[in-house]
Amino acid sequence: MPTAALDTIDSLADDLSSYLGKDQINNVRRAYYYAEQAHEGQYRHSGDAYVTHPLAVASILSEMHMDHQSLMAAMLHDVIEDTGVTKTAIKSQFGNTVADLVDGVSKLNKITFSSHAEAQAENFQKMAMAMAKDLRVILVKIADRLHNMRTLEVLTPDKRRRIGRETLDIYAPIANRLGMNNVRVEFEELCFAALYPMRARRITAAVKRIRGNRKEIVLQIQTSLEACLEREGLPGRTIGREKHLYSIYEKMRSQHKSFSEIMDVYAFRIIVDRVDACYRVLGAVHSLYKPVPGLSLIHI
């Protein structure tokens with residue numbers, strides 16, 4: 001889920017110093033001030049100055065340790081579409097690569113669909129990848145959409161539902177294809193709340209009622225699994241988590257079950273380096289916990 005927002009370009013620059021050089025950070029600063037001037041007098045629905053949005057998008061990309069050109073493009077990603085600035089002007093100020101990235105994001109923003117089927121992720125991906133010569137265009141756009149989803153509450157319910165549906169159909173699958181699992185999960189959680197706010201609240205309340213101290217439960221089971229593997233001489237890495245709300249809802253919907261019938265609200269993944277070890281680990285886990293029909297204790 002989202003971390004605390006960065007308030008200033010100075011805060012972002014401090015974080016960037018952990019992996020970017022001084023000259024690169026100065027270029028990011030320069031792009032920020034250029035965007036600030038270009039968006040002067042423009043405000044978001046929240047009432048915040050518009051430049052807070054590109055700053056937040058760049059901050060999201062900084063958490064991924066993206067390069068300085070991506071961060072510069074994030075700062076400038078709306079200036080072509082929302083201000084009088086042209087691609088040529090960006091090119092003269094920041095070079096060909098940054099101008100191409102900004103132009104690529106602007107073109108993605110203009111894609112429209114004539115039907116719901118056409119808007120499905122597979123078709124969008126083909127179009128987006130064909131248009132984006134540089135994958136960083138897609139990453140900037142994903143970060144842009146992620147910040148918009150995080151600040152969706154200021155919009156009307158109809159707009160929240162429309163944007164939530166589009167994000168669930170298009171951006172969450174793209175994030176998944178790119179291996180951005182944390183982003184996919186956050187997209188799904190935010191979309192679930194936007195599309196079905198009452199269902200999201202009810203499932204949240206139900207999970208809270210049964211979870212107890214979730215960290216202690218997950219840690220206890222994970223410790224048991226690790227001890228079991230050690231006794232059996234099976235090397236592997238165990239990861240435990242509580243299943244997110246949207247995945248619980250999808251299981252309820254697809255299997256036509258009530259929440260009380262959904263038993264697996266926690267999930268554990270054991271990663272090993274050989275296929276045959278998967279089956280040995282599965283056997284060891286089944287000796288520790290009784291298998292429940294229809295549930296998977298390990299994904300191979």
Can you compute the helix-only [θ] at 222 nm over the chain? Use -39500 (n - 2.57) per DSSP H run of at least 4 residues, normalise by all residues, nearest 500 deg cm²/dmol. -19500 deg cm²/dmol
With equal scatterers on the alpha carbons only and no solvent term, can you work out the Debye log10 of I(q)/I(0) for the stretch 158-212 at 0.16, 0.20, 0.26 1/Å? -0.53, -0.73, -0.92
Answer label for volume of the Cα convex hull per residue in Å³ (calculated), chosen among [x] 140; [y] 175; [z] 121: [y]
Specify the longest stretch of the chain that does not include any exposed loop site, a site being one of the trypsin sites (Lys or Arg not before Pro) with a non-H, G, I, E, B DSSP assignment and at most 11 other Cβ atoms within 10 Å. 134-273
To make sure I understand the rule: partners must be lysines, Cα under 27 Å from the Cα of residue 107, and not fewer than 8 residues away in the same chain. Which ones qualify? 87, 91, 126, 133, 141, 159
Just how much of residue 86 is accessible, in Å², when a 1.4 Å probe is used and the result is rounded to the nearest 10? 70
Cα-centred dipole magnitude for the chain, charges only on beta-carbon of K, R (+1) and D, E (-1), debye, nearest 20: 1120
Taking only the alpha-carbon atoms of the stretch 23-92, what semi-axes of the equivalent ellipsoid follow from 5 times the gyration tensor eigenvalues under a square root, in whole Å, largest first? 19, 16, 9
Cut-off under 20 Å on the C-alpha distance; same-chain residues fewer than 8 positions from residue 208 excluded. Which lysines are left, in chain and number order? 243, 251, 257
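The values are calculated or read from the model by the stated rules, or taken from the named source; none is laboratory data. Source: prediction; values computed, not measured. So basically every Cβ, Gly included, is an ideal-geometry build from the backbone, and we count neighbours across all protein chains shown. Heavy atoms of the whole protein, side chains included, go into the accessibility calculation; ligands, DNA and RNA do not. Shrake-Rupley method; radii C 1.70, N 1.55, O 1.52, S 1.80 Å.
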